[in-house]
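Asker: Encoded as structure tokens, here's the structure I'll be asking about.
FYI, it's all coordinate maths here, none of it is from the lab. These numbers were taken from a predicted model, which means no experiment stands behind them. Cβ placement follows ideal geometry from the backbone for every residue including glycine, while neighbour counts extend to all protein chains displayed.
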Amino acid sequence: MRKERSALLLALCALSSPAHAETLNGALLRAYGASPVLNSSRAGLRALDEKVPQALSTMRPRASAGAFLGAQQNRNVQRQLDIDLNDPTATANTKSIQSGGSVPRSASFAIEQPVFDGFKSQNATRAAESGVFAGRERLRLTEQRVLFAAVSAYMNVLRDTAALKLQENNVAVLAEQLRQTKERYNYGQITLTDVAQAEARLAAGQSLIGQARANLEASIGAYRQTIGVDPKKLSPGNPVDRLLPKTREEAERVAQAEHPVILAALHDADAADIDIKVIESDFMPKLSIVGNVFTQTDISGIYNRNIGASIGGRLNVPLYDGGITSSQTREAKELAGQRRLDVDVARADLLALVRANWGALQAAKIQIAAAQTQIAAAERALYGVREEAKAGQRTTLDILNAQQELLNARIGLIFAQRERVVASYAVLAAMGRLSTQALHLGEARYDPAVHFEQVKDSWGGIETPDAGR
């Protein structure tokens, strides 16, 4: 019964009022919708979506038009020596000058349709799509981190609020203890040493109130930063054991199959393999159809005009490029090998993370049980010390020490309860399942596929779609 009353007391200490209180799920939903970190990551993914239409554009036609308009002034001076055929010794110099102006102008329209590029566009598109899929997994990882930060901020405010109230209650108890000690001193039952001990312990308690208030202010600041509003009335947070497997091995198996870090690394490895083929396409010939229509007026002289059109095929066969493509291919192969090794690194790191978080969760459960037992024992000890002190068998210092032990046990339970909740969410995040869907936070969900479908086949336009935001 004492354990239950102690746990209930600590739960009530963390709450201002249960009416219209903010819940942990409500805070998580607020963070999910308003986090600038998430909004930034979503914008980055939308930019990454554009890599797909960019890759597709290399096999689409290209058209261009050109025009020229100018002014031209000509002045032609000719000199010649005239000889009289009847008298060869008689000569004369003559000069003729011709001048005139013109307006040279021309216009042209050209179109080129690639026919074959060595499968470069096809492979570049596949690589871009793999990059988009990797970006989606990284966005999911960012969502997990934001949600977990919100859980930590929420529980930290609850913990520090309860700790502050316990410290304030402790100071009230110490003040009463000092008053009683002074009364006993006035009756000659104890010495000034007992009074000094009570005063010292009260001063220490007041100092701890200041520290507890500073901790709470820091937690409130982190809450505001993560969730977007100041905490008002917070309901107790509960662990998510219902979403966790029964064994650590099962948690590890789920993490290996579903965690966004591993899935993103796999997509990166796929993209790196395809990049090799993209570079190797530079060894292959390129073929395109080129058409051109033009008109020229007064370009090479006055009063002339030229109109024409042409169509033909352009073939480019690479023979030797100085070895740059060969070097780029070798580089791409080494990067692909690195990406495959990154998958193994991610798997090993994730196994260690799951084990660490699972161990922290089990330790928190043990700490709660131990703290509840410790509180019950400390309450009995304090009661006994006070009764023995009335009979002169205990000193004031014994009472103060017993009170401090009870306070430490209660604070320990508060911290253990916080760790219990946070560790359960940490295990869920390590499994890759900390999401709004798994937590049933409502229908509000950002779907990155919406924007991708809007832009992947786009042939033009500079306005960004709104539906994918």
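Asker: Only one residue in Ala218, Ala251, Ala257 is farther than 30 Å from Ala348 by Cα and either touching a Pro at 6+ places or on another chain (Cβ under 6 Å) or among the aliphatic types (A, V, I, L, M) (or both). Which one?
Answerer: Matching residue, one of Ala218, Ala251, Ala257: Ala218.
Asker: Filter segment 309-345 down to residues that are touching a Leu at 6+ places or on another chain (Cβ under 9 Å) and not charged (D, E, K, R) and give me whichever is farthest from Asp282 (Cα to Cα).
Answerer: This residue is Val343.
Asker: To continue, here is another question. Look at segment 179-193 and say how many of its residues are part of a helix (DSSP H, G or I) and buried (at least 19 other Cβ atoms within 10 Å of the Cβ).
Answerer: Count: 1.
Asker: Output the qualifying pairs, or none if there are none: Cβ atoms under 7 angstrom, residues six or more apart or on different chains, first residue in segment 39-63 and more than 11 Å from Val455 (Cα to Cα) and touching a residue at least 12 places away in the same chain (Cβ under 8 Å), second residue outside any helix (DSSP H, G or I) and among the polar types (S, T, N, Q).
Answerer: Pairs that qualify, where the first residue is more than 11 Å from Val455 (Cα to Cα) and touching a residue at least 12 places away in the same chain (Cβ under 8 Å) and the partner is outside any helix (DSSP H, G or I) and among the polar types (S, T, N, Q), are Pro61/Gln113.
Asker: Okay, next question. Of the residues Leu216, Leu166, which is assigned to a helix (DSSP H, G or I), within 18 Å of Leu406 (Cβ to Cβ), in contact with a helix residue (DSSP H, G or I) (Cβ under 8 Å, 6 or more places away or on another chain) and of a type in the set (A, V, I, L, M, F, W, C)?
Answerer: Exactly one of Leu216, Leu166 is assigned to a helix (DSSP H, G or I), within 18 Å of Leu406 (Cβ to Cβ), in contact with a helix residue (DSSP H, G or I) (Cβ under 8 Å, 6 or more places away or on another chain) and of a type in the set (A, V, I, L, M, F, W, C), namely Leu166.
Asker: Moving on to the next point. Quick one: in segment 216-230, which of the residues that are surrounded by 17 or more Cβ atoms within 10 Å (Cβ to Cβ) and polar (S, T, N, Q) is farthest from Gly26 (Cα to Cα)?
Answerer: Looking at the filtered set, the residue picked out is Ser219.
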